[in-house]
Amino acid sequence: MNAGKPWQEMGLTDDEYRQIVEIMGREPNRVELGMFAVMWSEHCGYKSSRPLLKYFPTSGPRVLQGPGENAGIVDIGDGQALVFKIESHNHPSAIEPYQGAATGVGGIVRDIFTMGARPIALLNSLRFGPLDDDWNRYLFSKVVAGIGDYGNCLGIPTVAGEVYFHPSYKDNPLVNAMCVGLVATDEIARAVAGEVGRPLLLVGARTGRDGIHGATFASEELSAESETRRPAVQVGDPFMEKLLLEACLELIKEDLAAGMQDLGAAGLTSSVAESASRGGRGAVIDVLKVPRREAGMTPYEVMLSESQERMLVVPREGAVKRIQEIFEKWGLEAAVIGHITDDGILRVMEGEEIAGEVPVKALTDLCPVYHRESSQPDYIAEKKNFDLSSIAEAGDYNRILRELLGIHSLSSKEWVYRQYDYQVQTNTVLVPGDADAAVLRIKGTTKGVAVTVDCNSRYCYLDPYQGGMMAVCEAARNLACTGARPLAVTNCLNFGNPEKPGVYWQMEQAIKGMAEAARVLNTPIVSGNVSLYNETRGGEAVLPTPVVGMVGLLPDVTRRVDMALKNEGDVLILLGENRDGIGGSEYLALVHGVEAGTLPEIDPAQESRLIELLLTLAERGKLKSCHDISEGGLAFCLAESCITGGIGAVVDITGLRGRLDGLLFGEGPSRAVASVSRSDVDTVLEMAEKGQVPAVVIGRVEGKRLRLVYGGRTLIDQDVNELSAIWRGAITWAMS
Amino acid sequence: MRFGIVVFPGSNCDADCYHVIDQVLGQPVEYIWHQEKSVRGFDALIIPGGFSYGDYLRTGAIARFSPVMQEVIEFAHRGGLVIGICNGFQILLEAGLLPGAMLRNDSLQFRCGPVNLRVKTRDSAFTRCFEPDEVITLPIAHGEGNYYCDDETLKELIEFDQIALTYCDERGEETPLSNPNGSTANIAGILNRGRNVLGMMPHPERMAEKLLGGEDGLRVFASMLRCFEEGCS
C-alpha cells in the first residue's frame, strides 16, 4: 500500500498522475482518480498497442463497421450483415475460472446485441498448462463449465473453438470468447451523440461491489497477490442477460433507442463517458439513482463497479415510457440516472453533492499512448538456427502417429464441446468435430455462414511475423475447406508485458504479419481486443498468442463440405505445394523434445490461390470431403478424415520429395487433402492446374485401416477404430 | 391444426419449435406469453426447452407457478395434446402432469450430442408415425435430465405402457453405456395415463430437416398432426 501515492495502487504511473493534474488544473479526488485509472488502463485505453493497431487493414467493400464500435460488421447480402468480435477474459479466469469465463461470454454477447444484432453463434479460444497437473485440470474444467453454463442458458450455440495446452500458460490461462450476431442492415444500432437534456437510462441488473477495478486488474501482471484480487472478478447471471438481450432487441425493433452502450470494463464510468463523448457532449448522473444490490456503496464504488448484465440506454425523444414498459414486461428495472449535458463534463452527483467532475474527452481521448521500446529477443536467432538436420529422420511412424493423436492439443475436443449446447437455434449445419469450421444456415435464405478461431502460438513464438501470417491464413483455409469465402477478421492479441522490449517486438511482428496476410487475402480486420501482461509468476511472458476469429460466407449452404471420408473408392488428392519442413512442428516437440527451427515458408498469395480453388470446387459440388493440413501434418490430417468418416484409406506418397518424417508430420501451410469421386478426378486436377495450385493424387478411400506407403515401403498401417479410440479418448482419460 | 408455444422468461427453444411447426410442418402456430390466462383456440401446446426463470431453485420449479400453467393443466385434463421438451418436460413434472422428478446428470456435466432412442410405444398422439421399437436419433442438450421415479411408479409406467422413449445403443439395446445421464430404466420420455401428454428430454425440433442431419424429430410433430386429422383428441 502506498498511502502517499494512491494512483500507483490504481495502476497509474507518477507521470500519468501529473498529466491528470494538468488536465484537471487541480488534484483529482478519489472518485475522479478512480475514473481516470480505469479509463487509462491498458485494457480500456490500448495505450501500448494503439500505435501498432494502425497496421491492420480495416476497410473493404463488405465492411459496414470497422474497429471503434462495440463490434465489427460485414455485409452478407440480402440486406443482412454479420456483427462479430472476440474478447479476452484471461486474468479473471486465472483467479476465478468459472465466473471469469462465464462473464467473458456475457460481455462479448452484450457487445453484439448492443448493435442490434441477434447473437447466433459463440466460439472460444482457450490455453492452459498441461493436463498432468491438478491445477491446470481444475482451471480447464471450470472454464469450460463457465462458458457452457452461460452460453447454454442464453440459448446461443457454442459452435467452434480451439484448446491448446502448453507450460507457458500454467499461471496465466487464456480465455478468449467470440460472438457472431445477425442483423438486418437497416436495423444496425450505432451509438450516436445524445441530444442535450436526453435522459440516461440504466437497465438490467442492479449494481453491486463486484468487479471494481477489473479493467485495472486486467492490465497488470498476475502475482502471488492476485488471489486477493478475487473481488475484482465479476459474477455472472445468464438468466438476467437473456432477459436483457430480449428486451434490448425489442427496443431496437421499435426504434426506441438513440444509443445503447453496454457496461463492461470500467462499468458506468466508461459507458457514460462513451455515450457523452460522441458529439462532444457531457453528462450528469446521480449515483443515488443507480439501483443497488448492496447498501452503503460509495460514489467511487458505483462508478467503478463492473457488475454484469447492465446496459445504458439513451432513448429517442419521448420514448422513456415505452422503454420502461418493455423492460417491465421482461421483469427488468430501467432507472433514469441522469441526462446528457452540453458542457463536455462528466459530473457525478451524490444527491445534491458533487462527487466528481471530469472532462469527458480527458477520459476517452487523452489517454496517453506509449511507443514502447522494441527489440528482437535473443532466443529468436538461437531457435531459428537450430540445425534440423541433426534430427533423426527414421522412427517408428506408427507409434508417432498414435502418440500425436493422443496429444491433448491435437486430439478430439469432444469432452469440451459436449458440454456446450451447439445446436440451439437450429442453424448448425456442421457441428463441432465435423469440419475445419462450423457452418450455420441463415433461415429464410440459401446462405450459410462459416466461423472459426485459430492461432498456433508455437509458430508465433519462433517467428511472430510468420506466425501471425499463418494464423490468418489457417483461419481462412479452414473456412474455405467448408466451402465458405473468408470475409473478415476479428482478433484477440494475447501477449506478455509490453514494457519489455522483447514482448513488444513479438507483438509488433505478429501484428505486421497478420496485417500482411489479411491484406493479401482480402479479409479486413474489423474488430478486436488486446490483452497484455499475460505472464507467469516467474515473470515469463506466455507464448505470443494473437488469436484470429474469422467469418465466411457460403452462397448455397447445401454445398458445405465436411472433413469425413465418405465412400470406398473415392480418390484422395493433395492440394497445395508439398513442404516437408518440420521446424516448429508438434512432431518435433513431441518426439524430439525440441521447440525450435525455421518455420516452413508461407506465401499468402499461394494461400489465396488454394482458397479460390477450394471455393470453386465446393461450389461445383466436387468435394466429398476436405480437410486442411495443420498440426501433425499430412498423416494426422488423413487420420482425422478416416476417423470422422469411420473408413480407411490407402495412400502412396512416393512421388513427394523431402525427408520422410517431414512428409508425414511436417506442418507446411497452404495445403489440404480432398476426397473426390473417381469420375471427378480429371476435372479436379484440371481445375487445380488452371488455378495454379499443385495437385497430386495420393491415394483412395478403402477398408478399415489407414495405410501410408512410400516407395513400396509401408510407413504407417493402423486400424482406424484404434486410432479413433486414442484420438477421441485422450482428454476424457486425462480428466477422469 | 393450431399449435401454441408457451414462452417463459428464459425459454430458448421457443423459436426453434415455432420454425418447425410454421416452416416445416406448415401449420398455424402462435407464442403464448407465460402471463396469459387462456389457451383457448389451440389444438396442441408445446412447452419448449430452455432455462425458464434461469432454472434457479430447481429446473422448472418456478415456471409451474406462472399464470398460464394452470390453463395448461386444465387443457391437458380436458384431453388436449401437450408436449414438453427438455426444460418443458421438467416443467410438466413439477406441475404434476407427469410422474417422477429430474436430477442432475450423473456425469455432473451438461451433455449435448446425438443419442439413439428406442420408440417403446406407438400408441400415443406423439409416436404413431414410428415403427414399433424403431431406433431413432435425436440430440440431447441438458444438465438435469436424469429421470428418477420410485419403483412403484416405474411399475405403473411399464404396466400402463407410458414409457415412450428410452436411451439405447444403435441396435436398440437399453445398455448403461447408452444412458447419457443416469435416467431410471434409461427413460428419455414418458406419457401420462391419458396418453395426451408427453415429456421428453431429447429435442425433436432440432432434427426436423435433412439439412440439420435428419428428420426423426419431425415425425413426433407429424404424429400429432396425424392424430389431430384422424380425430383422436
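The values are calculated or read from the model by the stated rules, or taken from the named source; none is laboratory data. A quick note: this is a predicted structure, and the numbers were derived from the prediction, not measured. Every residue, glycine among them, receives a Cβ derived from its backbone with ideal geometry; neighbour counts consider all protein chains shown. What goes into the accessible areas is simple: the full protein's heavy atoms, side chains included, and nothing from ligands, DNA or RNA. Shrake-Rupley method; radii C 1.70, N 1.55, O 1.52, S 1.80 Å.
Taking each residue of the stretch A:471-500 that is of a type in the set (K, R) and looking for partners that are in a helix (DSSP H, G or I) and surrounded by 24 or more Cβ atoms within 10 Å (Cβ to Cβ) with beta-carbon atoms closer than 9 Å, six or more apart or interchain, yields A:R477/A:E607; A:R477/A:L610; A:R477/A:I611; A:R477/A:L614; A:R485/A:L479; A:R485/A:I611.
Checking every residue in the stretch A:374-386 against the condition of being farther than 30 Å from A:F36 by Cβ, within 14 Å of chain B (Cβ to nearest Cβ) and small (G, A, S) gives zero matches.
Buried (at least 23 other Cβ atoms within 10 Å of the Cβ), more than 27 Å from B:F110 (Cβ to Cβ) and among the small types (G, A, S): is that true of A:S457 in this structure? Taking the combined requirement at face value, the residue satisfies it. Of the strands (runs of 3 or more DSSP E) lying entirely inside the stretch B:125-233, those containing at least 1 residues that are in contact with a strand residue (DSSP E or B) (Cβ under 6 Å, 6 or more places away or on another chain), under 30 Å from A:T558 (Cα atoms) and polar (S, T, N, Q) span B:135-142.
A:T536 satisfies every condition listed in (1) touching a Phe, Trp or Tyr at 6+ places or on another chain (Cβ under 9 Å); (2) among the hydroxyl-bearing types (S, T, Y); (3) at pLDDT 95 or above except (3). Scan the stretch A:631-659 for residues that are within 29 Å of A:G467 (Cα to Cα) and in contact with an Asp or Glu (Cβ under 6 Å, 6 or more places away or on another chain) and the total you get is 5.
Being at pLDDT below 90 and either surrounded by fewer than 24 Cβ atoms within 10 Å (Cβ to Cβ) or within 28 Å of A:C153 (Cβ to Cβ) (or both) narrows it down to one of A:T207, A:T298, A:T228, so name that one. Working first, answer last.
On the way: A:T207 fails: at pLDDT below 90; A:T298 fails: at pLDDT below 90.
After ruling out the rest, the residue left standing is A:T228.
Please indicate, with yes or no, whether at least one residue in the stretch B:13-27 is at pLDDT below 95 and more than 10 Å from every other protein chain (Cβ to nearest Cβ). Taking every residue of the stretch B:13-27 in turn, none turns out to be at pLDDT below 95 and more than 10 Å from every other protein chain (Cβ to nearest Cβ).
Considering each of A:T644, A:T598, A:T616, A:T683 in turn, give the residue that is open to solvent by 20 Å² or more (accessible area, probe 1.4 Å) and either within 30 Å of A:A381 (Cα to Cα) or assigned to a loop (DSSP other than H, G, I, E, B) (or both). When all the criteria are applied, what remains is A:T598. Within the stretch B:105-122, residues that are over 22 Å from A:T426 (Cβ atoms) and away from chain A (no Cβ under 11 Å) have Cβ atoms under 7 Å from residues that are open to solvent by 40 Å² or more (accessible area, probe 1.4 Å) and assigned to a strand (DSSP E or B) in these pairs: B:R118/B:V135, counting only partners at least 6 apart in sequence or on another chain. Inclusion of B:G182 among residues that are more than 28 Å from A:V561 (Cα to Cα), open to solvent by 10 Å² or more (accessible area, probe 1.4 Å), away from chain A (no Cβ under 14 Å) and in contact (Cβ under 8 Å) with a residue 24 or more places away in the chain is warranted.
How many residues are assigned to a helix (DSSP H, G or I), out of contact with any Gly (no Cβ under 8 Å at 6 or more places or on another chain) and open to solvent by less than 50 Å² (accessible area, probe 1.4 Å) when one looks only at the stretch A:380-392? Spell out how you get there, then give the answer.
Let us first name the residues in the stretch A:380-392 that are assigned to a helix (DSSP H, G or I), namely A:380-384, A:388-390.
Of the ones still in play, those that are also out of contact with any Gly (no Cβ under 8 Å at 6 or more places or on another chain) are A:380-382, A:389-390.
Keeping just the survivors that are open to solvent by less than 50 Å² (accessible area, probe 1.4 Å) gives A:380-381.
Result for the stretch A:380-392: 2.
State whether one or more residues within the stretch A:412-432 are away from chain B (no Cβ under 14 Å) and surrounded by 17 or more Cβ atoms within 10 Å (Cβ to Cβ). No, because not a single residue in the stretch A:412-432 is away from chain B (no Cβ under 14 Å) and surrounded by 17 or more Cβ atoms within 10 Å (Cβ to Cβ). Test A:L623 against the stated conditions and say whether it is in contact (Cβ under 8 Å) with a residue 12 or more places away in the chain, buried (at least 22 other Cβ atoms within 10 Å of the Cβ) and under 27 Å from the mean Cα position of the chain (by Cα). In short, no. Scan the stretch B:28-46 and give yes if some residue there is touching a residue at least 12 places away in the same chain (Cβ under 8 Å) and part of a helix (DSSP H, G or I), otherwise no. No, the conditions are met nowhere in the stretch B:28-46. Checking each residue in the stretch B:34-84 for being more than 12 Å from every other protein chain (Cβ to nearest Cβ), open to solvent by less than 10 Å² (accessible area, probe 1.4 Å) and not small (G, A, S) picks out B:V39, B:L45, B:I46, B:I47, B:V68, B:M69, B:V72, B:L81, B:V82, B:I83. Residues to consider are A:G658, A:G699, A:G668; find the one that is out of contact with any Pro (no Cβ under 8 Å at 6 or more places or on another chain), part of a loop (DSSP other than H, G, I, E, B) and touching a residue at least 60 places away in the same chain (Cβ under 8 Å). After applying the criteria, what remains is A:G658.
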